[in-house]
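Okay, so here's the structure we're looking at.
The values are calculated or read from the model by the stated rules, or taken from the named source; none is laboratory data. Since the structure is predicted, the reported quantities are computational estimates derived from the model, not experimental observations. Virtual Cβ from ideal backbone geometry, glycine too; neighbours counted across all protein chains shown. Just the protein is used for accessible areas: all its heavy atoms, side chains included, with ligands, DNA and RNA removed. Shrake-Rupley method; radii C 1.70, N 1.55, O 1.52, S 1.80 Å.
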Amino acid sequence: MSDSNASVPKPSSSVKLVLLGEAAVGKSSLVLRFVNNDFQENKEPTIGAAFLTQKCQLPTRTIKFEIWDTAGQERFASLAPMYYRNAQSALVVYDLTKPSSLTKAKHWVAELQRQASPGIVIALVGNKLDLCTATGEHDAAEAENSETATEEPQEGDARKITTKEAKDYAEEEGLLFFETSAKDGTGVQEVFNAIANAIPETQLKGSRPAGATGQAGQTRDEGRVNLNANAGAGGPKDGCAC
Amino acid sequence: MFLNSLVQKAQSFIDPALTPITSSHDKRPSKAILFRYQFRLPDSENPLHEITAELTIPLPYKSSAGQGGPKSDGQIQGNIYAGKLHLSEQYLCFTTLNTSFHTNSTFQASTAFTGQTHGTGPAGNGFTLPLCAVRKVERLPTHNALCALAITTWNGTASAKSSTAHYDMQRFTLQLAGSRQACDTFCDGLKKGLRNGVKQLDNLRTIAGQCYSEYLLSGGPVKSKDGEGGEIIREAPEAGLGMVFRYPGDPRKLRDRSKMRLWGEYFRDNGRNAMLLRQPTFHKLIRVGLPNRLRGEIWEITAGSFWLRLQNPNLYTQILSKFTGRESLAIDEIEKDLNRSLPEYPGFQSEEGIGRLRRVLTAYSWVNEEVGYCQAMNIVVAALLIYTSEAQAFSLLSVLCDRLLPGYYSQTMYGTILDQRVFESLVEKTMPILWEHLIKSDVQLSVVSLPWFLSLYINSMPLVFAFRVLDVFFLEGPKVLFQIGLAILRINGEELLDINDDGTFISILKTYFSKLDESAHPKSENEKLRSITRFQELMVVAFKEFSQITQGMISEQRAKHKNDVLDNIENFAKRTSIRNLGPESKRLSADDLGRLYDRFYEVLYEQERDLQLHRIEIQKMAGPRTPDPVQNSVEMGRVGMGPSPETMNYDGFRILLASIAKWAVADAPRTPFDISFEKDGRLAPNATPRHPEFPTSPLRGKRIEPADHDFMQRLYGYWNKDDKDGLSLQNVVAGIAGIKGARDVMETIAYFFALYDDNKDGKVDREGILRMSEALLFLSRRGLEGNFTLIGSSPNGMDESINGSDQITISGSTLNEKFLSSVSAFIRRCFEYADPDNPHSGQQNDISTDLGQFSIGEDEDDLLDLSPNEEKDIQETPTKTTPKSPFLPQTPQTPSKQSANLALDPANPLHITLPTFRMVILADELLQQFFEFSFAESLHITPQVPGRTSSFPLQTPTLTTFSSLNTPRIFAPSTPTIPNLHNTDHQSSIVPVKGIRGLLDNIVSDGMRVAAEVRKRMDEAQKDLDRSATGRTDDEYDDEDEDQDARLQGFFARVPSQNSNNNNNNIDTEKRIGVSDHDRDLLDGAEVGSIKEHDGGILVERGPNSAVAALDLLSSSSSDNGGDGAQRRDLGGVEKMFES
């Protein structure tokens, strides 16, 4: 596992990724979709955190995600620092049908920006897209037309948070932004691809194998990465073979 | 950080075994708590008597010999154990282990731990016997002990009475070793306890009837049970979901049948359920794993939850029916997890299993709202439910949360985090090489071990093994979790030394757990060795190799780390909380928010602690035999401890304000504040109690006594936007942000106005105006903050400038005196510009006219009066100055007076609106500056930096005020600014004032009394309005009244009308003055006459205080004087005040 370097010709590096977000927004399901391409209705709640790994093949390198999937219940929040410690990337997940979850997501973003490793790549992910009738693009267009970001959703649509509202926030904070459905798989792969691409090379040089974390830690201090350049719902679609 | 200081107070809160209950400085756990923990007794039990004793348990099949009667001369055969016998209210306990406290320790003070269990488990040989289970106690004649008791329990009763008796009554003997007196005392206590114990017999019957052991020993499904009830067919008592959905694991492999047989034998020899005696076999039988059907029952007995059920067998059903239908956040959370709790177990794929789980979890969340529901509880309870009934699982869960896993499932999960820290330190201690490696490879141990502890290994190990761990855990306590954890690392040590990252670490352990049933030594030649499973190996390593891990060591480590852990949690909570305070909070600096947060919780914490101490105090007074306070509540108060109060009552609000604003500090520590506060019913019944005997906490001594004032009550009410029981931090922050973060003076003015706009109709009535003025005096009575810039004049300055001299300074006047003047001017102007609720334009004019008269002509005199140097002058010879002023002295009885006093006429209610209020404030330079910066600066969230000045004292007013219109502002640069002298403006430095401090204090306190008096008289005025019109006689006058009136007039007359300028209607005012000069003269003349006559006296005694100080006589006299005359007289005073 840890010596996957040897078997893969391309340079391989580990990236620690942490999932944060309100309870039952689908953090574990996103991971399950990404790792096993599977979906379960009833997953045991995550106690503390679950740990999974999955590789992501980029044209020039292989990224091995070490995924820390944290418990969502509010009282577990104080444990989170233990898990996002040294994380190079984070998925902050909210539920498109639950406004409170975006608020919580914003709290997490603020927490990460202040407390996590500098330069951490954060992706804001609105999950449960399958419950929304309108597509993200359609919604976004609509939101742009009617200047308010908090417009009423369409009838029969469970969506409570418009794409524009979340996207505007993501751009403001310099986050990657996606809307996904762990249930049908929409957008899940893209999230991880985009993160893999957004991790600066400098951080990957001192990738995790063989006690290189110290170096990695140092390189991380090189400042915040400007994600605005490649932020956006599309993200780089190419390059991931997994 | 304030928390550091609190840490001391929070000592031992972490570990309930260490919970102090006597007082905050006694950090050692009480004997009572240790006693309860040692024998796992309910909180109602206290150690009453204890004595050294020898327990003799008859050998199997020998006891029948004793059935006939007492054995003779101590020739008792059987296992003999020396130990200690304890008696509590309802229990008789015996253990061979050293108790965890010294025998001679006092009732509540504690001592060091001794003994292996350290007060956390019924280890050792002996028994924990509820007195109700004792059927008979006989005193045996012996020769080798002073006293020997033969105890017969109810065990075996049924069969003894039935014709098919297979076994006999349980009977064992105790030989007490002690003085005759000690023995007698003990026996007396026992007798008393036994008598009381009879009451619980029914409960015992109920519960024992639900025990599988009872069923087992009575021989099977059909059995005669109750001698009186006749033959009944017995169904097997409930023993968990496993009875329906099978128990996990292969019963044959688990050798369930032979275990059951062994337990059956054990029960026969040693009693069962409540009457179980612990002999060495007991511990062994538990170590090898409990048989499925007995598992729940033994868990209950060893964990002590059985005693909870004995106390109230129907508690669980009662709770369910009592709270049915109640919704809560916890229930939503529970609902989310019901389908995902041990989903692989068939029982939890069924509605039946899920229903049980739902009921137990919700019942607990109802009962313990502080814990509510924490993920992982679902897994633990689901596991329990496989072996226990709902009621059993419920009481086991209570014991888990309260005692065995302290703080694990709390809101902040501090117990979980703390035990992780403890675990890490134990790893470091016992496996330093591994620990070093983990550190080096940056692997965080707790990411792996946290779920072990939180879910008691249930979702880490295969269920069969997790239950084996639980078996020992319930008997031996939390240390088992640590021992198992350490053993896991030790066994996998070599592999773990090769890992470099979390991922491999986790996968190694995952693999290990999945192979627990395999041979530990598969390649061994020795067959016996080969047959040892990895799990057996784990148990051996855990309990042999790590036998040095004791509860005492864990308690010690917990105590060592708890501050760090709590600090971390609190920092996190603070960070999060401050970030989520809402948009209002953005108006305050991060520093201010942080300090406000600290202060807020500091106050709450102290209140909570005081409450605790108070409860203890009450209990002490109630006598030593009352149960100790519920330990959970002791833990409240500290944020990191989890469920702490989140809202602040009015009392706490006052304390908070007093810590950031000096005006909120009481003038003198007065308990009446508290009393009056309790009267007004704002407090919840359980709010901070005040008590004469209330123990003075160390902090309380230092604590400044907060004031209680109408203004503070209003502030509290205004901040309490949600209309809840108390203020949340967000309320407080928003409230303070409204003052400190106000964008401009207008906003502050509006804020202040809103405080008094009781019904939110944009109007403040007469009463409100008076209260506003009181508040202004209240706020300024300790001096004003910030650098006031005075443009060469007091409130009178306008008139000066009208007269052509911009730069006339008021000699000797202090800022505060001027502020007082401003406030009185404020009252006057408010009434002047107030809108009548029923407009009578004519009368309104009259008032204005009368009021306006005072603005001109007498300023110089008044200014002189105000100067402290001339204080004496005024006071001794008020008539000297007043006659000069043609308007001042007046007789209130003339008919014209009535119309002049329209402001007082209750028949003509009036109000001011925000624009009016704003105008009145802006019209006065001091008031304007007060609202511009002084009010905001009076709140010192961040400790004051010496020399810090107002951020914008010199800001050029963008608003049009009289001063900016008419006078060139004298800016501070021209005058030296003295920083830190908030009681004086820079002018006072020019004119030195003797004894200014005392002077100001008097001014301030007196000024407040004036305002109070004004209001009082208003009321009287309303009552006596009719009579006052009829006039009064000189006979009714007394000296004091005279003086007061004169004073009042002198005081208020000093304040000229300035706002008239501001409103460009000065001409108008002057005109009006002209009109009524006439009448005024008349009035004044009459008044002056009377004053002259009664001049002197008391004022002299008053000494050279400020003019305002004299006003204070007004209040004293008004309370002295009864009778109509005096009232009318008072009325006159008030009338004059408003005319001036």
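Listed values, structure above:
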| quantity | calculated |
| --- | --- |
| Accessible area of region B:328-407 divided out per residue, in Å², using a probe of 1.4 angstrom | 26 |
| Area buried, chain B against chain A - accessible surface, total, 1.4 angstrom probe, square angstrom | 3400 |
| Net charge of neighbours whose Cβ lies under 9 Å from the Cβ of B:W154, counting Lys and Arg as +1 and Asp and Glu as -1 | +2 |
| Accessible surface of region A:11-205, 1.4 Å probe, proportion on carbon and sulfur as whole % | 47 |
| Kirkwood hydrodynamic radius (C-alpha pairs) into Stokes-Einstein, region B:310-353, 20 °C and 1.002 mPa s, D in µm²/s | 170 |
| Burial of 50 Å² or greater, region A:33-53 residues [accessible area, probe 1.4 Å, versus chain by itself] | A:N42, A:E44, A:P45, A:I47, A:F51 |
| Among the listed pairs A:K160/B:K721; B:K515/B:K544; B:K84/B:K429, those beyond 23 Å (Cα-Cα) | A:K160/B:K721; B:K84/B:K429 |
| Whole-Å distance, taken between Cα centres, linking region B:465-530 and region B:247-269 | 25 |
| Distribution of pairwise C-alpha distances over region A:11-205, 5 Å bins, in % | 1, 8, 17, 21, 21, 16, 10, 5, 1, 0, 0 |
| Threshold 30 Å² - residues in region B:498-522 whose accessible area is reduced by that much or more when the chain is no longer isolated, probe 1.4 Å | B:N500, B:D501, B:D502, B:G503, B:I506 |
| Virtual spin-label span in nm between B:I508 and B:N526, 7 Å along Cα→Cβ | 2.6 |
| Built amide H within the under 5 Å cut-off of A:N127, gap 5+ | A:Y94, A:D95, A:L96, A:T180 |
| Long-range HN-HN contacts of B:T412 with modeled amide H, under 5 Å | B:G642 |
| Kirkwood hydrodynamic radius (C-alpha pairs) into Stokes-Einstein, region B:512-586, 4 °C and 1.567 mPa s, D in µm²/s | 77 |
| Region B:359-376 - phi-based ³J(HN,Hα) in whole Hz, Karplus 6.51/-1.76/1.60, Gly and Pro as x | 5, 5, 5, 5, 4, 5, 5, 6, 6, 10, 5, 5, 7, x, 9, 10, 4, 4 |
| Å² per residue, accessible surface of region A:11-205 at 1.4 Å | 34 |
| Unsatisfied cross-links (Cα-Cα over 28 Å) in the set B:K336/B:K560; A:K27/A:K167; A:K104/A:K164; A:K43/B:K523; A:K43/A:K164 | B:K336/B:K560; A:K43/B:K523; A:K43/A:K164 |
| Electrostatic dipole magnitude of region A:11-205 [Cβ: Lys, Arg +1; Asp, Glu -1; Cα centre; debye, to 20] | 1200 |
| Built amide H within the under 5 Å cut-off of B:L92, gap 5+ | B:L129, B:L131 |
